[in-house]
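Right, one structure below, let's go through it.
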Amino acid sequence: MKEKRQRLTELADTYAKEDICIAFSGGIDSSLLLCLAAECAAKYGTKVHAVTFDTVLHPRCDVEIAKRVAEETGAIHHIIEVNELDNPEILDNPKNRCYLCKKALFGHLLDYARENGISCVLEGTNHDDLSSYRPGLQAIRELGIQSPLAQAGLTKEEIRQWAEEMGISVARRPSTPCLATRLPYGARIEAGVLRQIEKGEAYLRDKGYANVRIRVHGTIARIEIDREDFLRFMGEARETAEHIKQLGFSYVTLDLEGFRSGSMDE
């Protein structure tokens, strides 16, 4: 762990000798990267630009959280609005959707960097991401964007631990990946359904469930939560089912395998 931290700190220090641009979601990975970059940039008098995408496929709350964390670091924060559903290739949620989205989003990021005279562009992929199905990584490589966390070999849990030690406010924030990951490949992506998913997951998080996914199969909402929360969930099942149905679903189920990141790829 010590060697990994030293490696990332050295990378951040090297990059921060010039102005840098970071793809910033407000999640724990990009937040740690941004904080370290901002600390290093302060030594050299360079600027750190944190760029957040306000998109149809991501929860609305992400942007507000990103604003707050960027302000805490003192980085220059810029928001780019993107509607991925304007791309007809993405509408039917193909297997390579993540690649198509990342290629488009990070293309906007590179445009912003060029407009501001920045040649160093970073993003927050971690070492764990390299071993899961993430076609978006191909787009990142093709565009020449650097992934310092992955380069340093840092895992998600190691990043969380370090972020807690640094007092980063989102250190224990659960991951909130693209809402399209809640739909089967080949299912039409509709903005209305995405908002249903977003509202349903927000409701469950407000009730105290940390890891939550609502996977959608037609009119069925399949809820994934941590298995240790099953007993409490069953005590609230009727109330929860009624609320989720009010969002527009006909049936509400609990997945007995519990929360699994990327379960639609199984």
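The values are calculated or read from the model by the stated rules, or taken from the named source; none is laboratory data. These numbers come from a predicted model, not from an experiment. Note: ideal-geometry Cβ built from the backbone for every residue, glycine included; neighbour counts use all protein chains shown. Each accessible area value is taken on the protein alone, full model and side chains, heavy atoms only, with ligands, DNA and RNA left out. Shrake-Rupley method; radii C 1.70, N 1.55, O 1.52, S 1.80 Å.
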Practice problem: In debye, nearest 20, what is the charge dipole magnitude of the stretch 145-266 about its Cα centre with +1 on Lys and Arg Cβ and -1 on Asp and Glu Cβ, if you could check? | Solution: 360
Practice problem: Could you work out how far helix 156-166 tilts from the main Cα principal axis of the chain, as a 0 to 90 degree angle to the nearest 10? | Solution: 60
Practice problem: Pop out the carbon and sulfur fraction of the accessible area of the chain as a percent, whole number, probe 1.4 Å. | Solution: 50
Exercise. Output the Kirkwood hydrodynamic radius of the stretch 33-123, Cα pairs only, in Å rounded to one decimal.
Key: 14.5
Self-check item: Alpha-carbon radius of gyration plus Dmax, which is the widest Cα pair, for the chain in Å
Solution: 18.9, 58
Exercise. Return one number: the angle in degrees, 0 to 90 and rounded to the nearest 10, between the long axis of the Cα atoms of helix 97-115 and the longest principal axis of the Cα atoms of the chain.
Key: 30
Quiz item: Just for the chain, what percent of DSSP beta bridges are antiparallel, to the closest 5?
Solution: 25
Quiz prompt | Selection from Val170, Leu36, Tyr203, by position along the positive dipole direction of the chain (Cβ) | solution = Tyr203
Exercise. Kindly rank 149-157, 236-244, 29-37 from highest to lowest mean number of other beta carbons found within 10 Å of each residue.
Key: 29-37, 149-157, 236-244
Self-check item: the chain: relative contact order as a whole-number percent, Cα under 8 Å and 6+ apart
Solution: 18
Self-check item: Residue (of Phe233, Gly153, Leu247) at the positive-pole extreme of the chain, dipole from beta-carbon charges
Solution: Phe233
Quiz prompt | Theoretical FRET efficiency, 1/(1+(r/R0)^6), r = Cβ-Cβ of Glu257 and His78, R0 45 Å, to 0.05 | solution = 0.65
Quiz item: With r defined as the distance between the Cβ atoms of Ser119 and Glu64 and R0 fixed at 45 Å, what FRET efficiency is calculated, to the nearest 0.05?
Solution: 0.90
Practice problem: Hey, can you grab everything whose amide H is under 5 Å from the amide H of Asp226? Only 5+ residues off in sequence or another chain; H modelled, so Pro and N-termini drop out. | Solution: Asn211, Phe259
Practice problem: Using Cα positions and a limit of under 21 Å, work out the lysines in reach of Lys4, with same-chain residues fewer than 8 apart set aside. | Solution: Lys17, Lys156
Exercise. Report the label-to-label distance for Thr14 and Ala191 in nanometres (one decimal), using points 7 Å from each Cα along the Cα→Cβ vector.
Key: 4.3
Practice problem: Give the angle, between 0 and 90 degrees and rounded to the nearest 10, that separates the Cα long axis of helix 61-73 from the longest principal axis of the Cα atoms of the chain. | Solution: 30
Practice problem: Quote the convex hull volume per residue of the stretch 208-266, based on C-alpha atoms, as a whole number of Å³. | Solution: 81
Exercise. Report the relative contact order of the stretch 1-94, percent, no decimals, based on alpha-carbon pairs under 8 angstrom and at least 6 residues apart.
Key: 27
Quiz item: Residue by residue, what Karplus-based ³J(HN,Hα) values in Hz, rounded to whole numbers, does the stretch 205-217 have, using 6.51, -1.76 and 1.60 with θ = phi - 60° and x for Gly and Pro?
Solution: 5, 5, 7, x, 8, 6, 9, 9, 9, 10, 8, 10, 10
Practice problem: Can you tell me the dipole magnitude for the chain around its Cα centre, using point charges on the Cβ only (Lys, Arg +1; Asp, Glu -1), in Debye to the nearest 20? | Solution: 240
Quiz prompt | Kirkwood hydrodynamic radius (C-alpha pairs) into Stokes-Einstein, the stretch 142-266, 10 °C and 1.306 mPa s, D in µm²/s | solution = 98
Quiz item: For the stretch 100-205, what's the relative contact order in percent, using C-alpha pairs closer than 8 Å and at least 6 residues apart?
Solution: 22
Quiz item: Over what distance in Å are the Cα centres of the stretch 122-156 and the stretch 71-113 separated?
Solution: 16
Practice problem: Taking the Cα centre of the stretch 1-83 as origin, sum charge times position over the Cβ atoms of Lys and Arg (+1) and Asp and Glu (-1), and report the length of that vector in debye to the nearest 20. | Solution: 260
Exercise. Would you please give the FRET efficiency between Arg5 and Ser131, computed as 1/(1 + (r/R0)^6) with r the Cβ-Cβ distance and R0 = 25 Å, to the nearest 0.05?
Key: 0.75
